[in-house]
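I have placed the structure first, in the form of structure tokens, so that the comments after it can refer back to it.
The values are calculated or read from the model by the stated rules, or taken from the named source; none is laboratory data. Source: prediction; values computed, not measured. With ideal geometry, Cβ positions are generated from the backbone for all residues, glycine too; neighbour counts draw on all protein chains shown.
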Amino acid sequence: MKFFISISTTLLTLLSVSLTAQAENLEHLTQLLSTKQCSLCDLSGSGLVTADLSGAKLIGANLAGANLSQANLSGADLSGANLTGASLYGANLTGANLSSAIVTGTDLRESYLTNANLIGTALEQAYLQGAKGIPNNAADPKLFYEWGLIETKEGNYQQAIDHYNKALAINPEFAPAYLARGYSLLRMGNENGAALNVEMAAKLFKDQENAQGQETSDNFLKNLKAMQEARKKDKGNPQLDNFVRGMASLMLQFVLKGGF
């Protein structure tokens, strides 16, 4: 009998703790929605899809696993917040403070990050495909380049070019970004722009003693020029066009491997 009472007491205690924890979470959620002031709150797992949280104070808040898809977080202060596994797909983070936020596995795809503060935020741990307005100081050239490659593989060439542009704005001698940008321009039908970028890549690869990069660039340029000359003479050759596209594929394989 005593054993049964002891077990029952333990179960009731655990249930009470569980209900208390749930009440605390609900209290924090209510506080956030009513005041937009919820620093250090426990909002883990909260459903906040399309919520208007513009200007909200969420400093150090626990938002792990929360669903903030398409929420308005413009100007919000999320500094030091735990966003592990949270979804901010399509969220408006314009001007938001995400400094030192934990973004491991965070879904930031299609989000808006113009003028966001991302200092100290390890964005390489988040999903950023299609994110718009990533500040130039949010990452180093290599990371912008890698984001560009992800977009390139998905066929999102303009988004890829935006990332390559940022990589080159930081480091104008980052040869792989010129080569990758040239590939994207070619796929968008801009052959002259592609040629100019690959020419710059070839020069930089030569200066940097990257023989494979220089050879890849030179071979592509040679075959692209041959195709363009054939067109000028009204002797367009479908086989030559296919060959150039094949060379472009080889170029893509090189940049996807890092191009270093």
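Okay, residues lined up against (1) out of contact with any strand residue (DSSP E or B) (no Cβ under 6 Å at 6 or more places or on another chain); (2) of a type in the set (Phe, Trp, Tyr); (3) modelled with pLDDT of 95 or more:
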{"position": "20", "(1), (2), (3)": "yes, no, no"}
{"position": "24", "(1), (2), (3)": "yes, no, no"}
{"position": "41", "(1), (2), (3)": "yes, no, yes"}
{"position": "74", "(1), (2), (3)": "no, no, yes"}
{"position": "81", "(1), (2), (3)": "yes, no, yes"}
If I filter region 189-203 for residues that are of a type in the set (Lys, Arg) and out of contact with any helix residue (DSSP H, G or I) (no Cβ under 8 Å at 6 or more places or on another chain), do I get at least one hit? yes
